[in-house]
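Here is the structure we will look at, set down as structure tokens.
The values are calculated or read from the model by the stated rules, or taken from the named source; none is laboratory data. Just so it is clear, the model here is predicted, and its values are computed rather than measured. As a convention, Cβ positions derive from the backbone with ideal geometry for all residues, glycine included, and neighbour counts pool all protein chains shown.
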Amino acid sequence: MPQDGPSARVARHRSDADAVDAARRRLATVFPAAAWPELEPDIAAIVRLKRERNAVVLAHNYQTPDIYHGVADIVGDSLALAREAARTDAAVIVLCGVHFMAETAKILNPDRTVLIPDPGAGCSLAASITAADVRLLRQRHPGVPVVVYVNTSAEVKAEADICCTSGNAERIVESLGAETVLFLPDEYLARWVAGRTRTRIISWHGHCEVHEQFTAVDIARVRRAHAGLEVIAHPECPPDVLAAADFVGSTQQMTDWVRTRRPARVLLLTECSMSDNVAAEVPDVELVRACSLCPHMKRIDLAKVRRSLETMGHAVTIDPEIAARARRSVARMLEVR
Ligand code: 13P
Ligand code: SF4
């Protein structure tokens, strides 16, 4: 299995009119032509504001197609967004995703303005563990290195030795060369990694409220209804679901798998918008839908992205001492190739 998807898509345009036109053409594969007059004012305003503010829009693979195909400069999984956030020279980063992703961008760019269009966009995994929990686990397991999933708060990252994402978790654990690691907070990702490494993994009881809903029974039912179906899954799914899937990977690895393998029909066991975004790129592939919505990701919409750039709200702030310690964990992850 590839450990890293290729880098995120990066869009560049010569003029605002070119950028709006490119958005119109990309969105023509997702929305009926009649939808464009409604989308166009927000998209044109966002394109202009990005230029005026020297801003870049980073969007996670779970953002809706109007954001993903309409206004994002960079799209990708958590790992790609962190990498691109570390590389950008824009003055302003608008992070279309959930709060921990915007925090990660701020951790890597303490001197830039990082905006999140809706600061209430949380994550059940990030909410499942606190910095005090990590300190307690360290006391219980002295000397055991702590790997934290990027789906955590800055405070939790600050207590870790290193971060990981779903795209590099196995490699990060192996890079430590330890007999045992604490792998927090996603229990299912921890079990997935434990099955692929000799390292002993001590996990936590965090779950993704979206991916924990999938079942192996669902997969069997959908396979019966669709001959020749390929099933690909995110490692936040429960173990029996991962065992029944044909491929397991991060959102970028799943997208790249469909792009390169071009199956006749595929089921993406992950958030719904990813199927919409992938379907727009591969019209020859039938995307069978049995997805779940992430209510946190869905708090971000085009109108809020526009308002965010108009008002420069909501700027992410992190206590500098916590940000400096969290940066060590994130930077250490980015150094592992
Ligand atoms: P990826 O890093 O695979 O994009 O996953 C992020 C996430 O929140 C999945 O639910
Ligand atoms: Fe968090 Fe799950 Fe939503 Fe991803 S899909 S942001 S892990 S709640």
**OP:** Might you let me know whether region 236-257 holds any residue that is more than 19 Å from residue 66 (Cβ to Cβ), β-branched (Val, Ile, Thr), in contact with a helix residue (DSSP H, G or I) (Cβ under 6 Å, 6 or more places away or on another chain) and crowded, with 20+ Cβ neighbours inside 10 Å?
**Re:** yes
Original post:
Here are some residues: 332, 337. Which one is under 30 Å from residue 162 (Cβ atoms), more than 16 Å from ligand 1 (Cβ to nearest atom) and at pLDDT below 95?
Top reply: 337
Subject >> Single residue of region 289-306 satisfying the filter (buried (at least 18 other Cβ atoms within 10 Å of the Cβ) and at pLDDT 95 or above) that is farthest from ligand 2 (Cβ to nearest atom) >> reply: 306
Original post:
Has region 180-194 got at least one residue that is in contact (Cβ under 8 Å) with a residue 12 or more places away in the chain, among the small types (Gly, Ala, Ser) and more than 15 Å from ligand 2 (Cβ to nearest atom)?
Top reply: no
**OP:** Could you tell me whether residue 315 is among the small types (Gly, Ala, Ser), surrounded by fewer than 17 Cβ atoms within 10 Å (Cβ to Cβ) and over 25 Å from residue 148 (Cα atoms)?
**Re:** no
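Residues are listed down the side, and each one gets a yes or a no for (1) within 16 Å of ligand 1 (Cβ to nearest atom); (2) within 23 Å of residue 116 (Cα to Cα); (3) in a helix (DSSP H, G or I):
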| site | (1), (2), (3) |
| --- | --- |
| 252 | yes, yes, yes |
| 259 | yes, no, yes |
| 263 | no, no, no |
| 278 | yes, no, yes |
| 298 | yes, yes, yes |
| 308 | no, yes, yes |
| 313 | no, yes, no |
| 323 | no, yes, yes |
Subject >> Qualifying residues in region 201-235 (those that are of a type in the set (Gly, Ala, Ser) and buried (at least 16 other Cβ atoms within 10 Å of the Cβ)) - the one farthest from ligand 1 (Cβ to nearest atom) >> reply: 216
Original post:
Condition test on residue 327, is it at pLDDT 95 or above, more than 16 Å from ligand 1 (Cβ to nearest atom) and among the charged types (D, E, K, R)?
Top reply: yes
Original post:
Tally time: how many residues in region 100-120 are within 11 Å of ligand 1 (Cβ to nearest atom) and touching a His at 6+ places or on another chain (Cβ under 9 Å)?
Top reply: 1
Original post:
Which residue pairs have Cβ atoms closer than 8 Å, lie 6 or more positions apart in sequence or on different chains, and pair a first residue in region 208-222 that is β-branched (Val, Ile, Thr) with a second residue that is outside any loop (DSSP other than H, G, I, E, B) and within 16 Å of ligand 1 (Cβ to nearest atom)?
Top reply: 210/271; 210/292; 215/241; 219/241; 219/269
**OP:** Give just the number: which of (1) in contact with a strand residue (DSSP E or B) (Cβ under 7 Å, 6 or more places away or on another chain); (2) outside any helix (DSSP H, G or I); (3) away from ligand 2 (no atom under 16 Å from the Cβ) does residue 283 not satisfy?
**Re:** (1)
Original post:
What residue, of 184, 267, is crowded, with 21+ Cβ neighbours inside 10 Å and closer than 18 Å to residue 61 by Cβ?
Top reply: 267
